[in-house]
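**Q** Quick one: the structure is below, and I'll ask about it shortly.
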Amino acid sequence: MKVLVIGLSGVTAELLFGDERLENLHRLMEAGCYGRLQGIVPPDSVPGWMCMATSQDPGSLGVYGTWERVDRSYAPPRAVTSRSFEEMTIWDQFAAAGRPSVLVGVAPCFPPQKIYGVSVGWDSSLDTRGGIFTHPPFIAEELRALFGGDCTMADRRFEAIRHLLRNTDWGYFHVVENCTEHKAQADGCAYLDGQIGTLLECLDDETAVCVVSESGSQAAEGTFAMTQWLRDQGYMSLVNQPSKHSDWETIDWRGTRVWALPCGDTPQLFFNVRGREPQGVVEPADCELLRNELVARLGALDDSGSGPTCAAYRPDEIYRSLRGVAPELIVDCLSRPRAEGAWILASSNNPLCGEIEGASLLDVAPTLLELAGHEIPGSMQGRSLVAGLAGREQRPSAASDEEQIRQRLSGLGYI
C-alpha cells in the first residue's frame, strides 16, 4: 500500500468538515474515517510536521519552536532547520523497506531533507528561481524547466506536485499547503479542495490518502508582545533602548530574570539562573516560585475579556522527556483560544469508518505504517488506530531493530 499525506496547515476541524464546497474532502470522509486531532504544544508547523512524522513530542525531539538556544550561553538563538531533527521518521521506515519517498513543503523546509527519494523545500519564504531547493539538486532544474522560474506560485506548485506524483517512484508522498496563503482561510480551503481533486486523479486504488491539519488556528486580533510585557513587568531590562540593534543584543543580563525567544504566538520563556547562565540572577531555589508566578499572571491577562488569551505550559509536565535546551515555559498567546486540528483517512484496507474520537497528531504515522504493512519504530509515542484491525497485530520495532535500520540508512548516506 502506498501512502499520500496531504497537509493543510492551520485548518480547523469546523472548516474542514463543515464547508459544503469541499466536495473532494467530503468524498474522502464518506469513503473512510475522519475526526478531530489533538495537536502538540507549540501548535505550529515547526515542530508540528516533524512531530507527526516521528510520532514524538517536541521535548523528545529537543525542538520547542521555530527558534532554539544553542547552549546555556547568551549566544543569539538560531532558527530551527531540517538538520535540527535526528529521530526516525515515517519516510525512514519506508526507506528501510526499499521504498522511496517524496516530500514537498514539509517544514522546516531548509535545507531540503536528504532522504531516500525526493524532497522539495519550497515555501513562501524561499526564492526558487535560483539556488538549490531540492534533493537531489537536479530536481530543481527539472521543475524550473517544466513549470517556469517561480515554483512558489500556487498553480505552478500543484503542477509540479502532479508531475512528481506521476513521474517519480514513491511509496510515501507528503505535501503540505498553508491555506492562509490563499486569501481568506475558507476561500483557501475551497481552492485547495479543487487542487486535491486533481491529485487524487493521479492515484491508483492501492494508495491510502490521509489529509491532516496539524493544528487549527483562529484569526488573531493583533499580537502579544511578550518581550515588551516582560520589560513592563520588571522581569527584563535593556542596557539602552534598541534602535537598529535587536532586543537580544541590548539585554542587560544582570538586570534580567526572564527573557523570551521570538517564536511568534508561542514564545519560549527562559530564566536567567545563577550558576547555570553566565550572569544568572535567579536563585535555583526560587525558580519554581517564579514559574508559578508567571503562569498565574499570564493566565490572568484576559480577565477583562478584551486582552489576549495566554496559556503557559511547563515542558516537564507536557512532554515525555526533555532534550536540548528546554525553556522554563512555553506560552501560547492568541486573542482567541486555538482550535484542534483534524484528519481524514481513506484507504481500501482501512477498517475504520465515520467519525473517530480521541486521535492525536502522534497517532498518524503509526496508523499509516500499519496500513502500509511496515513495522512501527519503538521510538514512536503514538498508537496505530487500526492495530489489530488491519489484518495483523501491531508490533513496534525493538530498539535493536531500529538501530539496524539507522545503520542501514546511514550506510546509504540518508541519515
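**Q** Checking the condition modelled with pLDDT of 95 or more and either over 15 Å from Ser213 (Cα atoms) or hydrophobic (A, V, I, L, M, F, W, C) (or both), which residue from Ile40, Ile90 passes? Break it down into steps so the answer makes sense when it comes.
**A** Numbers: Ile40 fails: modelled with pLDDT of 95 or more.
Only one candidate qualifies: Ile90.
**Q** Of everything in the stretch 249-289, what is touching a helix residue (DSSP H, G or I) at 6+ places or on another chain (Cβ under 9 Å), farther than 16 Å from Val331 by Cβ, in contact (Cβ under 8 Å) with a residue 40 or more places away in the chain and surrounded by 16 or more Cβ atoms within 10 Å (Cβ to Cβ)? Give them in sequence order.
**A** Glu277
**Q** Would you check which residues across the stretch 152-180 are assigned to a loop (DSSP other than H, G, I, E, B), in contact with a Gly (Cβ under 8 Å, 6 or more places away or on another chain) and of a type outside the set (Val, Ile, Thr) and list them?
**A** Filtering the stretch 152-180 down to residues assigned to a loop (DSSP other than H, G, I, E, B) leaves 152-153, 168-171.
After this cut, where a residue has to be in contact with a Gly (Cβ under 8 Å, 6 or more places away or on another chain) as well, the list is 168-170.
Selection gives Asp169, Trp170.
Conditions tested, residue by residue: (1) touching a helix residue (DSSP H, G or I) at 6+ places or on another chain (Cβ under 9 Å); (2) over 17 Å from Tyr172 (Cα atoms); (3) hydroxyl-bearing (Ser, Thr, Tyr).
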position: Arg320; (1), (2), (3): yes, yes, no
position: Ala346; (1), (2), (3): yes, no, no
position: Pro351; (1), (2), (3): no, yes, no
position: Gly358; (1), (2), (3): no, yes, no
position: Ile376; (1), (2), (3): yes, no, no
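**Q** If Arg83 satisfies every condition in (1) touching a residue at least 40 places away in the same chain (Cβ under 8 Å); (2) out of contact with any Leu (no Cβ under 8 Å at 6 or more places or on another chain) but one, which is the exception?
**A** Failing condition for Arg83: (1).
Residue-by-condition table, conditions (1) modelled with pLDDT of 95 or more; (2) touching an Asp or Glu at 6+ places or on another chain (Cβ under 9 Å); (3) not in a loop (DSSP other than H, G, I, E, B); (4) not assigned by TED's automatic domain parsing to the domain that holds Tyr319:
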residue	(1), (2), (3), (4)
Ala365	yes, no, yes, yes
Leu369	yes, yes, yes, yes
Gly378	no, yes, no, yes
Gln381	yes, yes, no, yes
Ser384	yes, yes, no, yes
Ala387	no, yes, no, yes
Glu393	no, no, no, yes
Glu403	no, no, yes, yes
Gln407	no, no, yes, yes
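**Q** Out of Val102, Val46, Val70, Val3, which single residue is among the β-branched types (Val, Ile, Thr) and under 11 Å from the mean Cα position of the chain (by Cα)?
**A** Values: Val102 fails: under 11 Å from the mean Cα position of the chain (by Cα); Val70 fails: under 11 Å from the mean Cα position of the chain (by Cα); Val3 fails: under 11 Å from the mean Cα position of the chain (by Cα).
Residue meeting the stated conditions: Val46.
**Q** A further question follows. Please report, ordered by residue number, the helices (runs of 4 or more DSSP H) entirely within the stretch 1-120 with at least 1 residues that are out of contact with any Phe, Trp or Tyr (no Cβ under 7 Å at 6 or more places or on another chain) and not assigned by TED's automatic domain parsing to the domain that holds Leu261. Break it down into steps so the answer makes sense when it comes.
**A** Working: elements: 13-18, 23-31, 45-54, 58-61, 90-96.
In the stretch 1-120, 13-18, 23-31, 45-54, 90-96 are the helices (runs of 4 or more DSSP H) which contain 1 or more residues that are out of contact with any Phe, Trp or Tyr (no Cβ under 7 Å at 6 or more places or on another chain) and not assigned by TED's automatic domain parsing to the domain that holds Leu261.
**Q** Pull out all pairs, ordered by first then second residue, where Cβ-Cβ is under 6 Å, the residues are six or more apart or on different chains, the first lies in the stretch 223-237 and is in a helix (DSSP H, G or I), and the second is hydrophobic (A, V, I, L, M, F, W, C).
**A** Cβ pairs passing all conditions: Met226/Ala260; Thr227/Ala260; Leu230/Met236; Leu230/Val258.
**Q** Take the conditions within 24 Å of Ala312 (Cβ to Cβ), surrounded by 20 or more Cβ atoms within 10 Å (Cβ to Cβ), among the aliphatic types (A, V, I, L, M) and at pLDDT 95 or above and apply them to Met50. Does it pass? Even if it seems obvious, please write down each step before you answer.
**A** Details: within 24 Å of Ala312 (Cβ to Cβ): yes; surrounded by 20 or more Cβ atoms within 10 Å (Cβ to Cβ): yes; among the aliphatic types (A, V, I, L, M): yes; at pLDDT 95 or above: yes.
The answer is yes for Met50.
**Q** Still on this structure, I have one more. Does any residue of the stretch 170-183 turn out to be surrounded by 19 or more Cβ atoms within 10 Å (Cβ to Cβ), modelled with pLDDT of 95 or more and over 20 Å from the mean Cα position of the chain (by Cα)?
**A** Looking through the stretch 170-183, at least one residue is surrounded by 19 or more Cβ atoms within 10 Å (Cβ to Cβ), modelled with pLDDT of 95 or more and over 20 Å from the mean Cα position of the chain (by Cα).
The values are calculated or read from the model by the stated rules, or taken from the named source; none is laboratory data. Keep in mind that what you see is a predicted model, and the values were worked out from it rather than measured. Virtual Cβ from ideal backbone geometry, glycine too; neighbours counted across all protein chains shown.
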